[in-house]
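The values are calculated or read from the model by the stated rules, or taken from the named source; none is laboratory data. Quantities reported herein were computed from a predicted structural model and do not represent experimental measurements. Counting neighbours? That spans all protein chains shown, and the Cβs are built from the backbone with ideal geometry, glycine included. All accessible areas refer to the heavy atoms of the entire protein, side chains included, with ligands and DNA or RNA removed. Shrake-Rupley method; radii C 1.70, N 1.55, O 1.52, S 1.80 Å.
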Amino acid sequence: MKKDYWIYITIAWIIGVVLYQTHAINRITLSVIVGILFCVIFFVRKEFILFLPLLVLGFIRTENYNQLPDNHFSIIQNKKLLTQALLIEKGNTSEKGYTQFIAEIQSVSDSSKTILTTGKSLLYLKDADSILPNTRVYFQVPFSYIQSSKNPYGFDYQAYQKNKRIYTQYFVKQYVSKKNDEINIIAYTNALREKIAQKFDKRLGKNDVSAVAKALLLGDKTDVTPEVMQNYARSGTMHLLAISGLHVALIYMFIFYALYFLRFLPYGDKIQIISSLLVLILYAMLTGLSPSVCRSSLMISLFQLSKLLQRPQKSLHIIALSAFILLSINPNFLWDVGFQLSYTAVLSMIIFSPYCMKYNRFKNKIAKIYMDTIIVSCMATLGTLPLTLYYFNTFPSLFLVANLALVPIFGFIIGLGIIEMIFIVFDLKISCLDSFFSLVINSVNKFNEWIATFNLHIENICINLWECIVLMMFNFLLFKFFQREKYKYLYIGLTLLLGISVHQLYAIHKADSTQKMLVFNNPKNAIFVIKQGRNADFFSEKTLSQKEIAYIIEPFETHERIAKSNFYTFTTSIQNQYFKTPHIISWKDKIMSINPSKKLNFIPNFILLTHKNTLPQPCKGLTINVQYSKNLKEYNIPEKGYFEYSFQE
């Protein structure tokens with residue numbers, strides 16, 4: 001136990017964080033749980049009692065971290081007060097001309113007093129594409145709370161922002177901007193990143209090459225088109241597009257060897273390491289301090305500091321220590337998908353790779369290094385597979401082919417990119433370098449596009465949280481099999497996979513027997529679906545946009561295991577089993593009228609209102625309003641969420 005204390009400390013802390021996030025546990029319940037654990041551990045492994053305080057501290061730290069301070073701006077009455085905000089980070093610009101920022105609300109004022117405040121909010125500024133972070137803005141607009149999608153299986157944007165301690169949003173048309181005179185390191189580095197990104201666009205052109213280059217080197221994916229993103233996802237090389245541990249390790253190597261001349265100074269080796277780490281920290285800040293960048297930068301720093309202090313460099317201990325430090329600073333990192341994937345990948349590489357590399361029989365040194373690189377990449381994919389299936393519902397079948405081609409040369413691409421970035425930052429122009437770098441990035445894009453055309457990736461894979469955990473247990477048992485070479489671990493693992501297969505067959509059988517009608521929460525374009533077994537007919541007021549398909553339709557198809565979908569609009573002439581007359585839908589013994597405009601000669605079971613209008617007459621059927629309504633007799637979808645009605649044969 002003594003040699004693994006950092007692992008146990010981190011596990012105890014994580015359990016405390018998880019217990020808080022269940023929302024069903026308060027401090028009294030926690031005391032009961034700790035008391036029970038104390039009694040159990042006392043009779044089993046007394047030495048583990050020392051870690052119970054870490055569990056409690058993890059719970060308390062998470063509770064305090066997510067508690068609003070007394071001077072949080074949202075606690076103050078939400079009126080049209082003069083608000084001062086500092087722009088911290090810049091996001092995308094919408095089609096309507098609103099640019100998203102993450103802003104720190106510094107103060108609110110009325111005619112009599114000014115109150116200093118804290119807290120972050122989303123800020124959508126009209127016609128602000130040229131405004132950079134580290135700018136102060138003043139406006140008089142009340143905030144609104146970020147709402148969840150209130151659609152089945154949809155991405156919970158509210159929870160995503162809540163983990164960042166962002167609960168509100170402002171939509172501002174009129175504002176005054178002013179340069180920030182105070183020092184805010186995060187805002188300053190984000191502004192610097194935006195300036196470098198603009199230089200990339202100016203030098204390489206505002207195209208896919210520049211967009212991918214900014215994603216690779218700056219962590220800025222705002223200009224990467226959905227088509228390019230989809231190509232990388234389908235080829236299984238999405239980890240190359242986002243700044244991850246591989247990027248940071250390669251960049252640190254580049255920095256380390258670029259500062260090799262420092263070795264000629266007294267204590268040069270120590271100066272080289274410390275200088276390299278300082279530059280790495282600055283680079284991590286420049287890329288936005290994502291969880292994966294924080295993890296890899298911290299791990300590299302701990303490795304190098306251990307070397308300076310002549311301490312043992314044990315990989316698992318350093319992984320555990322880095323996780324403990326990050327979760328102590330920000331416990332909500334645990335729920336970040338990037339954080340989970342990053343740590344799962346590096347654990348898989350460290351645990352599995354040594355056992356697989358012993359089967360690498362190549363004698364040639366280059367071939368052996370090449371194969372070892374592929375093994376490490378495959379182990380990372382194996383380790384992250386449960387999370388990939390759970391969060392993204394897809395598996396890139398050709399990931400091995402794509403990684404065989406790109407991973408071995410990725411170090412060259414990053415090195416070339418850093419040189420190009422240095423020349424761009426200092427406005428040094430070498431045409432052949434620009435052309436060669438553009439050729440390399442464009443070739444990578446074309447290669448991923450070519451891989452994606454095979455269309456062999458597996459989509460619409462639906463597993464629940466427990467199945468994800470069981471798959472992780474299978475990976476653990478596989479590791480124990482490689483470690484101890486005992487087949488009982490393999491048999492148990494295969495039994496778990498068999499259990500998942502049985503559950504998946506049951507889920508498909510259940511989907512075959514389910515029949516329902518569901519109206520989605522989408523006020524701008526009313527959408528409803530009639531599902532019979534694994535067939536679904538979607539009806540919408542207007543043609544579905546790509547965003548509606550991605551965030552509403554596809555999650556429903558995946559989790560309801562839809563095999564065939566048909567799409568219709570209200571306004572077109574529909575030859576369909578449900579539409580008997582325009583705006584009248586009938587299925588089984590139920591009838592729904594859509595936006596009735598005159599007195600009906602029958603009583604429908606449902607009335608669907610897609611506009612802010614009133615009923616032409618009192619109706620005994622249930623009225624479903626897609627727009628916000630104060631009528632308590634109506635089912636108000638924006639307030640209550642999607643409407644679902646199940647029916648059977």
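Per residue, the chain exposes 53 Å² of accessible surface when a 1.4 Å probe is rolled over the protein heavy atoms with every protein chain present. Measuring between their Cα centroids, region 263-334 and region 445-516 lie 34 Å from each other. When all protein chains stay in place and ligands, DNA and RNA are ignored, the 1.4 Å accessible-area order of Met229, Met299, largest first, is Met229, Met299. Counting only aspartates and glutamates at least 8 places from Lys164 when in the same chain, those with an alpha carbon closer than 16 Å to its own are Glu63, Glu89, Glu104, Asp156, Asp336. With every protein chain in place and a 1.4 angstrom probe, the accessible-area ranking of Tyr551, Tyr170, largest first, reads Tyr551, Tyr170.
With a cut-off of 8 Å between alpha carbons and a minimum separation of six or more residues, what is the relative contact order of the chain in percent?
Values: 944 pairs, mean separation 63.8, N = 649.
Relative contact order here is 10 percent.
Bridging of Lys524 to aspartates and glutamates at a Cα separation below 14 Å is possible for Glu541, Glu548, once same-chain residues fewer than 8 apart are set aside. Taking Cα atoms only, the orientation of helix 27-44 departs from the longest principal axis of the chain by about 50 degrees. The angle between the Cα long axis of helix 487-512 and the longest principal axis of the Cα atoms of the chain comes to about 20 degrees, rounded to the nearest 10.
Where Lys and Arg each count +1 and Asp and Glu each count -1, what net charge lies around Thr394 among other residues with Cβ under 12 Å from its Cβ?
Numbers: positive: Arg234; negative: Glu459, Glu554.
Net charge in that neighbourhood comes out at -1.
Could you sort Cys356, Cys468 by their accessible area in this structure, using a 1.4 Å probe and putting the largest first? List each step's numbers first, then the result.
Numbers: Cys356 25, Cys468 5 Å².
So, going from the largest accessible area down, we get Cys356, Cys468.
Taking all protein chains as they are arranged and a probe of 1.4 Å, the heavy atoms of Trp335 leave approximately 90 Å² accessible to solvent. The calculated 222 nm mean residue ellipticity attributable to helices in the chain amounts to -16500 deg cm²/dmol, summing -39500 (n - 2.57) over DSSP H runs of n ≥ 4 and dividing by all residues. When the surface is traced with a 1.4 Å probe over the full set of protein chains, Cys378 keeps roughly 30 Å² accessible. With the whole protein complex present, Tyr487 retains an accessible surface near 130 Å², based on a 1.4 Å probe. Computing the accessible area with a 1.4 Å probe over protein heavy atoms, can you report the carbon and sulfur percentage for the chain? The value for the chain is 62 percent carbon and sulfur by accessible area.
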